[in-house]
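The values are calculated or read from the model by the stated rules, or taken from the named source; none is laboratory data. Keep in mind that this is a model prediction, so the values were computed, not measured. Every residue, glycine among them, receives a Cβ derived from its backbone with ideal geometry; neighbour counts consider all protein chains shown. Note: accessible area is taken over every heavy atom of the protein model, side chains too, but ligands, DNA and RNA are not part of it. Shrake-Rupley method; radii C 1.70, N 1.55, O 1.52, S 1.80 Å.
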Amino acid sequence: MENHEMSSRQMHRFLPTLRLATRVVLAGIFVIAGAAKAYDPAGFAIEIQRYQLVPWLVGAIVATYLPWLEMIAGAMLFVGRLKRGALLILTLLLVIFTCALASAMIRGLGIDCGCFGKTFQATGTLLPFLRNIFLLACAAVLWSERSEGV
Amino acid sequence: MSAVRQAALILLAALIPALLTGAFHHNRPAWSEPIAPGEERLETILGWGSAVLWVDARSEKEYADDHVPNAIRLNLEEWDTLFPRFLDSWDRRKKVVVYCSSTSCQLSHEVAERLEQNGIESVYVLHGGWEAWKTMK
């Protein structure tokens, strides 16, 4: 009984640190990914096209808008302002990215993720897919936080 | 403030730099699809009239299902068999247009390159491939 209380207390102390680390990792990855793509939106539009999911014009609009959304949402999550909204956006983006990667793998497209623009190439789709699953787990940890923190 | 309202604020905030990027970024994407070197749009090719020899670089099954009228088959796997047949149909005055399934397939570019290596002039690749043809027709 005493041991159980001890581990519960330790867990209680450990959770805020875990959430902070998770927040920094999730926010950091999105800020870096967004910045890499915002530097070369034309290149990112081509990466989107390789998925063969949307017409060129839609891809071009996404390539112009998405990097900034990633950066702003990532930065908001990092500084703790509009945190739940930022987390909502990043979670939805992760779900969309993961579905797109799964679809590319199922169709055997043999493309690169394009998640970081041209910064990290030749990553394939499996590794980014697994990374996204990890990031979704990070998002789940942050959703478990009860306080709004705004 | 609810998470959805916060998200809406962030979505709106991202619009401002995105609009500036679309208007002024030195490397902003083109709003119409760029075409690769050696490719031509279907509208341009149709403007050439009958002076075109269509080459289908897709599989035999895809060709059998449907193809551009009078197109002849040619691909790298069956090159030795199909290239002599291509030469029978080829006329120096005609432009050769190679197509495969879609924008993403590379077969048409590979066949076009091989044709040029074999001394065939005026070789083009149909931008968008068979999908572009189907959409237009």
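By the compact-protein rule of thumb, 2.2 N^0.38 Å, the alpha-carbon radius of gyration of the protein assembly as shown corresponds to a ratio of 1.34. Estimated from helices alone, the mean residue ellipticity of chain A at 222 nm is -26500 deg cm²/dmol (sum of -39500 (n - 2.57) over DSSP H runs with n ≥ 4, per residue). Short-range pairs are left out: with C-alpha atoms under 8 Å and at least six residues apart, the relative contact order of chain A is 29 percent. Which residues make up the longest stretch of chain B that has no GluC sites (Glu not before Pro) in a DSSP loop with at most 15 other Cβ atoms within 10 Å? By the stated rule (loop sites, at most 15 other Cβ atoms within 10 Å), B:1-76.
Note on the protein assembly as shown: with neighbouring protein chains present and a 1.4 Å probe, carbon and sulfur make up 62 percent of its accessible heavy-atom surface. The alpha carbon radius of gyration of chain A, expressed as a multiple of 2.2 N^0.38 Å, is 1.19. Only Cα pairs under 8 Å and 6+ residues apart enter the sum, and on that basis the relative contact order of chain B stands at 25 percent. Summing Lys and Arg as +1 and Asp and Glu as -1 over all other residues whose Cβ lies under 14 Å from the Cβ of residue A:75 gives a net charge of +2.
Counting Cβ atoms of other protein chains within 10 Å of each residue's Cβ and taking the mean over peptide A:58-68 gives 5. When shorter helices are ignored and each DSSP H run of at least 4 residues is given -39500 (n - 2.57), the per-residue value for chain B at 222 nm works out to -13500 deg cm²/dmol. For the peptide A:81-87, the mean number of other protein chain Cβ atoms found within 10 angstrom of a residue's Cβ is 6. Rounded to the nearest 10 degrees, the angle from helix B:3-24 to the longest Cα principal axis of chain B is 60 degrees. Counting Lys and Arg as +1 and Asp and Glu as -1 over every other residue whose Cβ lies under 11 Å from the Cβ of residue B:10, the net charge comes to +3.
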